[in-house]
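The values are calculated or read from the model by the stated rules, or taken from the named source; none is laboratory data. Worth saying up front: this structure is predicted, and the values here are computed from it rather than measured. No Cβ is skipped: glycine too gets one built from the backbone with ideal geometry, and neighbour counts run over all protein chains shown. Quick note on the areas: whole protein, heavy atoms, side chains included, nothing else; ligands and nucleic acids left out. Shrake-Rupley method; radii C 1.70, N 1.55, O 1.52, S 1.80 Å.
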Amino acid sequence: MTGATIGPPLWLLAELTYRCPLHCVFCYNPLDFAAQPEELSTDDWLRVLREGRELGAVQCGLSGGEPLLRDDLEVIVAEARRLGYYTNLLTSGVGLTEQRAAALKAAGLDHVQLSFQDSTREMNDFLSHTRTFELKNRVAKIIKAQGWPMVMNVVIHRLNIDHIDRIIGMAAELGAEYLELANTQYYSWAFLNRDQLLPTREQLVRAEAVTDDWRRKLGERMRLFFVAPDYHEGRAKKCVNGWGSMFLTVTPDGTALPCHTAKMLPGLSFPNVRSAGLREIWLESEGFNRYRGTGWMKEPCASCEHKEEDLGGCRCQAWLIAHDPAAADPVCRKSPHHARVQEAVERAERGEHVATAPVEHPLVFREPAASRRLAAAQSD
């Protein structure tokens, strides 16, 4: 890294569990989640929260898997509130009953982000491989009743992008103040299913136009965030605002990561909070320092005029596509591996009128049996 001063990790993401009742085809949890070691204890998580605040973290995301599967969630929320965090629960809604919501509100939870997969029961339940659409609608009302901001998240891809109009309409009807239309980022399960999920350029153009129309129609009633995908833009994005600059993830087993998918990268040792403190991890560990700043870069990034803007893009994307975590992010036009991204986009263009995924590459749903198979295949 360069000699720049290391700031605090402003955002602490506590991935409390990989257990989840949903089986989404775009999940960012690791492919081998079913083989991960046991989860941190309550006391471990409370210590992580304390050390995070001492280090300067101000926001705490509580995610998974499904964080509501942790029986101690209220205890963790209460301690985060006592320490002064702004807390955000990222949930599928499964398990958020009126009683649980009241308990979390009393514990001091600030914010709930509720995920939907689509605007209809049929597609929502297909994409999650569960019957949860009606439940999510009930949970949306529970969130509103508790006075939390109604924040909705829908991951967008080829199988639902043409439903953007109905998705936004559903969010408005449910009274959402915020809607994040997050185009799929292709890591983990989404990378495995990329050929079935990657939209065409025409689909993206239509979706953005529909979103802009709704922005004009809704005005200040609801804020719409359309997160564009990397593959179609030809420019890399600064990953998590820069490796080791403000974002710190702690996984269910206690591994500390500079981003939630970094554990896949070869040749890096990431410390565990069971045996090291967050200050030591953040400031001194090799895993957090490897790709900080710009000193690690090689060409074409090292001499690029945009290197301070994008910091080389995503290391996990570089590994998945170029098989080199120190390579320029292949979504960038200047990357020597950009042709591989173009090939993926061209395959999506050829499949524009295919209503479902090509039969020779069936969707793989995130579930323990599939995870164990993939883990076994990786170890062979």
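Can you work out which of the residues in segment 134-157 that are open to solvent by 20 Å² or more (accessible area, probe 1.4 Å) and part of a loop (DSSP other than H, G, I, E, B) is nearest to PRO199 (Cα to Cα)?
So, considering only residues that are open to solvent by 20 Å² or more (accessible area, probe 1.4 Å) and part of a loop (DSSP other than H, G, I, E, B), the one nearest to PRO199 (Cα to Cα) is PRO149.
Restricting attention to strands (runs of 3 or more DSSP E) lying wholly within segment 27-133, give those where 1 or more residues are at pLDDT 95 or above and more than 26 Å from TRP282 (Cα to Cα).
Of the strands (runs of 3 or more DSSP E) lying wholly inside segment 27-133, those with at least 1 residues that are at pLDDT 95 or above and more than 26 Å from TRP282 (Cα to Cα) span 86-91, 111-116.
Show the residue pairs meeting these rules: Cβ distance below 7 Å; 6+ apart or different chains; first residue within segment 352-379 and of a type outside the set (D, E, K, R) and in a loop (DSSP other than H, G, I, E, B); second residue open to solvent by 60 Å² or more (accessible area, probe 1.4 Å) and at pLDDT 75 or above.
Short answer, once both residue conditions are applied: VAL364/LEU192; PHE365/HIS129.
Of the residues that make up segment 177-184, is at least one among the hydroxyl-bearing types (Ser, Thr, Tyr) and assigned to a helix (DSSP H, G or I)?
Checked segment 177-184: no residue is among the hydroxyl-bearing types (Ser, Thr, Tyr) and assigned to a helix (DSSP H, G or I).
Which of the residues spanning segment 226-260 are touching a helix residue (DSSP H, G or I) at 6+ places or on another chain (Cβ under 9 Å) and in a strand (DSSP E or B)?
PHE226, PHE247, LEU248, THR249, VAL250, THR255, ALA256, LEU257
Confirm whether HIS111 is in contact with a Ser or Thr (Cβ under 8 Å, 6 or more places away or on another chain), surrounded by 19 or more Cβ atoms within 10 Å (Cβ to Cβ) and not β-branched (Val, Ile, Thr).
When the stated conditions are applied, HIS111 does not pass them.
What is the residue count in segment 177-197 for residues that are surrounded by 19 or more Cβ atoms within 10 Å (Cβ to Cβ) and closer than 22 Å to GLU367 by Cβ?
Residues meeting the conditions: 13.
How many of the residues in segment 214-252 are among the charged types (D, E, K, R), touching a strand residue (DSSP E or B) at 6+ places or on another chain (Cβ under 9 Å) and touching a residue at least 24 places away in the same chain (Cβ under 8 Å)?
Matching residues across segment 214-252 total 2.
Spot the failing condition for SER275; the list is (1) in contact with a helix residue (DSSP H, G or I) (Cβ under 7 Å, 6 or more places away or on another chain); (2) at pLDDT 95 or above; (3) outside any helix (DSSP H, G or I); (4) open to solvent by 50 Å² or more (accessible area, probe 1.4 Å), and only one is missed.
It is condition (1) that SER275 fails.
Any residue at all in segment 197-212 that is of a type in the set (Ser, Thr, Tyr), assigned to a helix (DSSP H, G or I) and either without any contact (Cβ under 8 Å) to a residue 40 or more places away in the chain or farther than 16 Å from CYS24 by Cβ (or both)?
yes
Scan segment 222-266 residue by residue and report those that are polar (S, T, N, Q) and open to solvent by less than 20 Å² (accessible area, probe 1.4 Å).
As a first pass, look at segment 222-266 and keep what is polar (S, T, N, Q): 241, 245, 249, 251, 255, 261.
Once the filter is applied, which keeps residues that are polar (S, T, N, Q) and open to solvent by less than 20 Å² (accessible area, probe 1.4 Å), segment 222-266 yields THR249, THR251, THR255, THR261.
Name the pairs: first residue in segment 35-52 and within 14 Å of ARG70 (Cα to Cα), second residue open to solvent by 70 Å² or more (accessible area, probe 1.4 Å), Cβ to Cβ under 7 Å, at least 6 apart or on different chains?
As it stands, the answer is THR42/VAL75; ASP44/ARG274, since those pairs meet every condition given.
For THR261, are the conditions met, namely being touching a residue at least 60 places away in the same chain (Cβ under 8 Å), in contact with a His (Cβ under 8 Å, 6 or more places away or on another chain), of a type outside the set (Gly, Ala, Ser) and closer than 27 Å to GLU38 by Cα? Give the derivation first.
Working: touching a residue at least 60 places away in the same chain (Cβ under 8 Å): yes; in contact with a His (Cβ under 8 Å, 6 or more places away or on another chain): no; of a type outside the set (Gly, Ala, Ser): yes; closer than 27 Å to GLU38 by Cα: yes.
So THR261 fails the test.
Just checking, how many residues over segment 12-47 are under 16 Å from the mean Cα position of the chain (by Cα) and crowded, with 20+ Cβ neighbours inside 10 Å? Before you say what the answer is, go through the steps one by one.
Narrowing segment 12-47 to residues under 16 Å from the mean Cα position of the chain (by Cα): 12-20, 22-31, 33.
Within this subset, residues satisfying the condition of being crowded, with 20+ Cβ neighbours inside 10 Å are 12-18, 20, 22, 24-31, 33.
Residues in segment 12-47 being under 16 Å from the mean Cα position of the chain (by Cα) and crowded, with 20+ Cβ neighbours inside 10 Å: 18 in total.
Out of everything in segment 86-108 that is at negative phi and within 20 Å of the chain's Cα centre (by Cα), what residue ends up being most open to solvent (accessible area, probe 1.4 Å)?
The qualifying residue most open to solvent (accessible area, probe 1.4 Å) is TYR86.
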